[in-house]
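So the structure is just underneath, and the comments pick up after that.
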Amino acid sequence: MMASNSSSFSSSVVNSSTGKLVPGERLKGELTTRSPLNVKDGSRYEMYRFSLEAGSIVEIEVDGSFESVLSLYDDEDALLMTDSTVRLRSEEGGDYAVVVSGDSSDSYGPFSISSKNIELNDTGVLVVPGTTSGWLQSEPRSYTFTVSENSAYQIDVVSADFDSVLVMEGPNGYYTENDDGGEDNNARMGDLLVPGEYTLTVGSYEGRQGLFDIKISSLDIQITESDTLSLGSEITGWMSAGSDSYSLEIQEEGEYQIDMRSLSLDSVLVIEGPDGFYAEDDDGGEDYNSRIIETLKPGSYQVTAHRHPESEAHSGVYSLYAGRR
């Protein structure tokens, strides 16, 4: 969480720090009535100073018996960020201070503060499949990877520091992007990719910085090469754009259930048939899956699989099932 360049603790934060924090070590401390007073809100605090080399990344955490906050300062007393866990990449190296404080004037008790250096395997070239850890500073970060054969992949950008945005470009003008297709505001996309060179660009929705992982996973799926949906069987499809339609034959009148399920798409299901029959469903199944239960007369029906227009994922695998109840 970025903050303004102001200090509520002292006129010279780094120089007045009382403890030395070494990355890789854990220190124990305690907030008591004898701890320095934050005049802004009446909370107590303790300070620790540390140094970083140029390009190094540090993560600092605090555990305690009270709700605590970490505040990070540079050697010019500029408040860089406040959070329960702080991560920093030092571009030029220098001296810093971290302040452990309670979230209120009643916050007292023992705590431990630990820090560790974070090593990245970030070369700019992604391994497929594989995971790469990177750091986003002020500008989006671009990577390249190669696909050698037609296959389905899922790509996730996971970060606890920022709301990730992902853009992928590839052969023949291929372009797709995603913001919140994964869990917890993380970006996710999946698609059938043709052989060629691709570029992934990672950005932050709010322009924040921080640590992230890119995970590229091969999807072991068998796409059903048919445009016919048979009763009692399930087919697997891949939606890349628009919608997919399947024919369904009903021999006897009765109550039938048709499901469209997907782990990535917000599915929408439409059924059209004889005598102007029409049925549509968005979230009738579990989660964001679609389910239609209707009495159908004998005849030919068309089952169309859509994705919701506001679905974060624009492409992905889905399954269709039709059966009599």
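The values are calculated or read from the model by the stated rules, or taken from the named source; none is laboratory data. Treat the numbers as computed from the prediction; the structure is a model and nothing was measured. Cβ sites come from the backbone with ideal geometry, for glycine too, and all protein chains shown count toward neighbours. To get the accessible areas, we keep the full protein, side chains included, count just its heavy atoms, and leave off ligands, DNA and RNA. Shrake-Rupley method; radii C 1.70, N 1.55, O 1.52, S 1.80 Å.
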- Task: Mind listing just one residue for me: the one in the range 114-129 that is part of a strand (DSSP E or B) and at pLDDT below 95 and, of those, farthest from I214 (Cα to Cα)?
- Result: S114
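For the range 215-229, give me the residue count where each residue is in a loop (DSSP other than H, G, I, E, B) and either open to solvent by less than 60 Å² (accessible area, probe 1.4 Å) or closer than 24 Å to S164 by Cβ (or both). Show your work before the answer.
So in the range 215-229, the residues in a loop (DSSP other than H, G, I, E, B) come out as 219-227, 229.
In the following step, the residues that additionally are either open to solvent by less than 60 Å² (accessible area, probe 1.4 Å) or closer than 24 Å to S164 by Cβ (or both) were identified as 219, 221, 223-224, 226, 229.
Residues in the range 215-229 being in a loop (DSSP other than H, G, I, E, B) and either open to solvent by less than 60 Å² (accessible area, probe 1.4 Å) or closer than 24 Å to S164 by Cβ (or both): 6 in total.
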- Among the residues of the range 123-169, count how many are open to solvent by 40 Å² or more (accessible area, probe 1.4 Å) and polar (S, T, N, Q). 10
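Please enumerate the residues belonging to the range 68-92 that are open to solvent by 70 Å² or more (accessible area, probe 1.4 Å) and modelled with pLDDT of 90 or more.
Of the range 68-92, the ones open to solvent by 70 Å² or more (accessible area, probe 1.4 Å) are 75-76, 89, 91-92.
Scanning the range 68-92 gives a single hit, R89.
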- So I235 clears everything in (1) modelled with pLDDT under 90; (2) over 30 Å from T85 (Cβ atoms); (3) surrounded by 15 or more Cβ atoms within 10 Å (Cβ to Cβ) except one condition, right? Which one? (1)
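Taking the condition of being open to solvent by 70 Å² or more (accessible area, probe 1.4 Å) and over 12 Å from R324 (Cα atoms), how many residues in the range 250-266 meet it? Outline the logic, then answer.
In the first step, residues of the range 250-266 are kept if they are open to solvent by 70 Å² or more (accessible area, probe 1.4 Å); the result is 251-253, 255, 261, 263.
Next cut, over 12 Å from R324 (Cα atoms) only: 261, 263.
Residues in the range 250-266 being open to solvent by 70 Å² or more (accessible area, probe 1.4 Å) and over 12 Å from R324 (Cα atoms): 2 in total.
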- Query: List, please: which pairs have Cβ atoms under 8 Å, are six or more places apart or on different chains, and start with a residue in the range 265-293 that is on the phi > 0 side of the Ramachandran plot and modelled with pLDDT of 95 or more and end with one that is surrounded by fewer than 17 Cβ atoms within 10 Å (Cβ to Cβ) and assigned to a strand (DSSP E or B)?
  - Reply: none
- Task: Looking for whichever is of a type in the set (D, E, K, R), under 30 Å from L192 (Cα atoms) and free of Cβ contacts under 8 Å to residues at least 60 places away in the same chain here; the options are E61, E149, E91. Which one fits?
- Result: E149
- Would you check if there is a residue in the range 101-109 being in contact with a strand residue (DSSP E or B) (Cβ under 7 Å, 6 or more places away or on another chain), under 20 Å from G24 (Cα atoms) and crowded, with 16+ Cβ neighbours inside 10 Å? no
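Going by the conditions given, is Y205 within 30 Å of S151 (Cα to Cα), among the aromatic types (F, W, Y) and surrounded by fewer than 16 Cβ atoms within 10 Å (Cβ to Cβ)? Steps first, answer last, please.
Numbers: within 30 Å of S151 (Cα to Cα): yes; among the aromatic types (F, W, Y): yes; surrounded by fewer than 16 Cβ atoms within 10 Å (Cβ to Cβ): yes.
So Y205 fits the description; yes.
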- All positions within the range 126-152 that are over 19 Å from the mean Cα position of the chain (by Cα) and within 23 Å of G207 (Cα to Cα): T144
